[in-house]
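First comes the structure, then the notes that go with it.
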């Protein structure tokens, strides 16, 4: 049988340590140990963190930099995929990272390189699509101009 | 790169268990209260204030002083989806074992979850833990991929802190950056979407649960963790057997990125009719699925149908539950193409709840032979698996011509899909959680 005073004391202790935990500045202090570890040492050794930080800080620039992204009308998923690739890669940054041959882990390097190739292929495909679009628009301009001329002829 | 060793989930739990048992042994001592105070202070000094809270919580459960407090966390409760249904059904199952709180990051109503998933969650409390980082940005979607480095503070630590208030914390969000501080915890993995980086805590959970063998294999491959348990999602769409109509059904949300491949289904159906006009006479295709907002993929589907007005296709967007149930009852065949031609494992169906729903209604499934599909459909026994569109067309045509084969596969599909029922799910979940909570002692009434 539990002594009611003991049960009340437990309840009071729980409140007190709950308050203490809430006042702790970080999770490590609450857990009583360092909870975060580097589970991808290759990634960090190779400065992947810096690379990604820089990319995130330049995100608006990247997004606005590629004008064709904002043109709209791309097939479903293509825009999102390209945006994702852009965020992950940011060409010049990847090239800079690839240059760090001495510290770069081979697996990570290879993956980044493959990603970069995929990005380039996607970019080329988009450029081709964009060229088609511009050509169609140009033809439309011609058709509209012809129609306008015909309309004018009719009035005359 | 190496840092101070940390306690594994098992070591930490053993320490807390010993502390809790020691505390409980003082319950009838005349100076029990003061000795408990000293014991808890020592524990806090040694293992942190969180450990002190955990030990007291555990002791209260051991002594039967209160019911277990259980939190089920999902940052997307306000969306309808299969993973959310999994979490909500799990919460309903756990109501028998303790007081359940649904924890989210955006306002949501348990009543909505009840009506979307046909559950009884009236006894669940709700709690919203705001994430200022996302609120300040005004993001519509809480995108966990934004957390990329240790240089950035982890916005989900607010949830980690909240987890300390519970005896069992269930993370149904697939957010491995939430650190469990409750004395026991479950991490439900619908798919390991991200590789382990900073703020990776999946291995700090008491149990990692996967929803299919396909997901399990990717957890091992991506995270180097072996899940403790495998619990298939709950599927409860069984309807009364009805007269089947010449209808091929697909039920899948209209994913804005086209992940569920309804356009490919339309093209396949067109090809089927052109290549086998006799067999297809009288057959229709019905596409049912949810969609919200301005969905570019749905627009493409609608454009396709406008371009082919003679194609007998029914579109059921955001159809209510009863309408979808009716479609399942009427449809003879079920198509699911998700995963066909994909090279990203996350874009392949991890389980396929609608496939199991179709089978429960005697629809013969023809599904892509990848992801979790082979775990649901036994090829040639309860349906067909295909790896290409030509194979899909061939198998479909075979079924269209052979009503006897349809009936035999439909019967097997119905029988074999029972193992995905809600009751089987609830029992599995309760068995898993019962292992984690102390056995109820006298004076403690766990049931309702």
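Among the candidates B:333, B:327, B:340, single out the residue that is surrounded by 20 or more Cβ atoms within 10 Å (Cβ to Cβ) and part of a helix (DSSP H, G or I).
Within the list B:333, B:327, B:340, the selection yields B:327.
If I ask for residues that are under 17 Å from residue B:197 (Cβ atoms) and modelled with pLDDT of 85 or more, which ones from region B:142-172 would you list?
If the condition is that a residue be under 17 Å from residue B:197 (Cβ atoms) and modelled with pLDDT of 85 or more, then B:154, B:155, B:156, B:157, B:160 are the ones that fit.
Within region B:188-302, which helices (runs of 4 or more DSSP H) (wholly inside it) include 2 or more residues that are within 19 Å of residue B:173 (Cα to Cα)?
Ranges flagged: B:213-223.
Would you pick out the residues in region B:375-391 that are in contact with a strand residue (DSSP E or B) (Cβ under 7 Å, 6 or more places away or on another chain) and either part of a loop (DSSP other than H, G, I, E, B) or crowded, with 17+ Cβ neighbours inside 10 Å (or both)?
Result: B:377, B:383, B:384, B:385, B:386.
Looking at (1) crowded, with 23+ Cβ neighbours inside 10 Å; (2) on the phi < 0 side of the Ramachandran plot; (3) in contact (Cβ under 8 Å) with a residue 60 or more places away in the chain, which is the only condition residue B:362 fails?
(2)
Give the residue, chosen from B:371, B:447, that is crowded, with 18+ Cβ neighbours inside 10 Å, modelled with pLDDT under 95 and in a loop (DSSP other than H, G, I, E, B).
B:371
Could you go through region B:32-45 and let me know if any residue there is surrounded by 21 or more Cβ atoms within 10 Å (Cβ to Cβ), touching a residue at least 24 places away in the same chain (Cβ under 8 Å) and either part of a helix (DSSP H, G or I) or within 7 Å of another protein chain (Cβ to nearest Cβ) (or both).
yes
Which numbered condition in (1) outside any loop (DSSP other than H, G, I, E, B); (2) within 14 Å of chain A (Cβ to nearest Cβ) is the only one that residue B:305 fails?
Going through (1) outside any loop (DSSP other than H, G, I, E, B); (2) within 14 Å of chain A (Cβ to nearest Cβ) one by one, residue B:305 breaks only (2).
Yes/no matrix, rows are residues, columns are (1) buried (at least 16 other Cβ atoms within 10 Å of the Cβ); (2) more than 29 Å from the chain's Cα centre (by Cα):
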residue: B:269; (1), (2): yes, yes
residue: B:274; (1), (2): no, yes
residue: B:284; (1), (2): yes, yes
residue: B:306; (1), (2): no, yes
residue: B:309; (1), (2): no, yes
residue: B:323; (1), (2): no, no
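Which condition breaks for residue B:124 when tested against (1) within 18 Å of the chain's Cα centre (by Cα); (2) under 16 Å from residue B:84 (Cα atoms)?
(1)
In region B:173-185, how many are more than 21 Å from residue B:196 (Cα to Cα) and touching a strand residue (DSSP E or B) at 6+ places or on another chain (Cβ under 7 Å)?
Selection size over region B:173-185: 2.
Suppose we keep only residues that are closer than 30 Å to residue B:187 by Cα and at the interface with chain A (Cβ under 9 Å from one of its Cβ atoms) within region B:9-31. Which one would you say is nearest to the chain's Cα centre (by Cα)?
This residue is B:12.
The values are calculated or read from the model by the stated rules, or taken from the named source; none is laboratory data. Since this is a predicted model, take the numbers as computed values, not measurements. Every residue, glycine among them, receives a Cβ derived from its backbone with ideal geometry; neighbour counts consider all protein chains shown.
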